[in-house]
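> Provided herewith is a single structure, encoded as structure tokens, for subsequent inquiry.
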Amino acid sequence: MTITAMKKAMRKQTADVLKSLQRSAISAQSAAVLAELGTVPAYTSARSASVYLPMDGSSEVDTWPILAALLSRGVTVAVPRVAGPKPSDMRMLRLSSYEEAAALPRTKWGIPEPDEAQAASMEDMTGATFDLLLVPGVAFDARCNRLGHGRGYYDCFVSRQRALERRERGPSPSPQLTVIGLGLTLQLVETVPVSETDERLDLVVHPGGQLAFADAADYGARASRAEARAEAGAEAGAESKEEGFGPALTSTRQGAAEGAAEGAAEGAAEGERRAKSLRSDLGSDLGSGAAAAPVTLAEQVLLPT
């Protein structure tokens, strides 16, 4: 099966699963996402942000409360307008107030969006550098891969923003731009199929916590730290660290130690296998729509479809 076919199948599968969610559940999960965002420094310190506005009646994180919170803090906020069919045709237009956003007309898909006349009177921030991008998606995985709706608008925008930051802010060990995907519990899957033009997110915030990307080298370093913490806990006689979890946590820690010793690449593969075992042993069931347990960077737990 081709990547395109796999993406199409996942979009349909996810849409079918999301049909089971009641509006009250979406509202509750959206509130949990907003609360979780409040623990993310990139969100709380942002001075400028682009925020998607949800489709009316859609099964996605409701960003209206997030928009209100950002504007109340004096953050410069821009919202998207799709001006054409090409991936580069999405513009980011600055909002003057929450009321302006609420009064925006709806597209044929039910998306609040400035029309051509309104866009002409709004500041075009497409070429500006943002501190924060809050992006939608159909599905997300623990590696912070994102499945969109297939038009490529956000991938193109994120790519251009990262290029702008590199050009204007220069190389930095701590980039100021942070790209965060917002997802409901049922939008978390084990693996999102990706192609060359897909942009990986920096973070996925969901009702149960956060998923943060770590590459192989990053994993190896974190695995070493996780093993050190586990050993320190054992020496301190912290009996509770394995209580109720048994072999699963022990295996994960062993996998971390092996990964650190055998190399970052092998550690990443081993960590994923151990993490799957951990999630299975814990009996996690995301199919019910319940909030997922937070996923740590050290464990890189993969969430089941």
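> Within 10 Å of each candidate Cβ there may be at most 16 other Cβ atoms; applying that plus a DSSP loop requirement, which GluC sites (Glu not before Pro) in region 134-198 survive?
When the GluC sites (Glu not before Pro) of region 134-198 are filtered for loop state and at most 16 Cβ neighbours within 10 Å, Glu190, Glu196 remain.
> Please report how far the C-alpha centroid of region 151-166 lies from that of region 82-113, rounded to the nearest whole angstrom.
Their Cα centres are 18 Å away from one another.
> Restricting to DSSP loop positions (anything but H, G, I, E, B) with no more than 13 other Cβ atoms inside 10 Å of their own Cβ, which chymotrypsin sites (Phe, Trp or Tyr not before Pro) remain in region 55-133?
Sparse-neighbourhood loop chymotrypsin sites (Phe, Trp or Tyr not before Pro): Trp109.
> Normalise the Debye intensity by I(0) for region 3-212, one equal point scatterer per Cα, no solvent, then take log10 at q = 0.08 Å⁻¹ and round to two decimals.
After summing over all Cα pairs, the log10 values are -0.25.
> Can you tell me the length gained on complete extension of the stretch Gln22 to Ala103, counting 0.36 nm per residue apart and subtracting the Cα distance?
26.6 nm
> Determine the gain in length on full extension of the stretch Ala120-Lys12; use 0.36 nm per residue of separation and subtract their C-alpha separation, reporting nm with one decimal.
Numbers: separation 108, 0.36 × 108 = 38.88 nm, distance 3.62 nm.
Roughly 35.3 nm would be gained on extension.
Just so you know, all these numbers are worked out from the coordinates, no wet-lab data involved. All of these numbers come straight from a predicted model, not from anything done at the bench. Backbone-built Cβ (ideal geometry, glycine too); neighbour counts: all protein chains shown.
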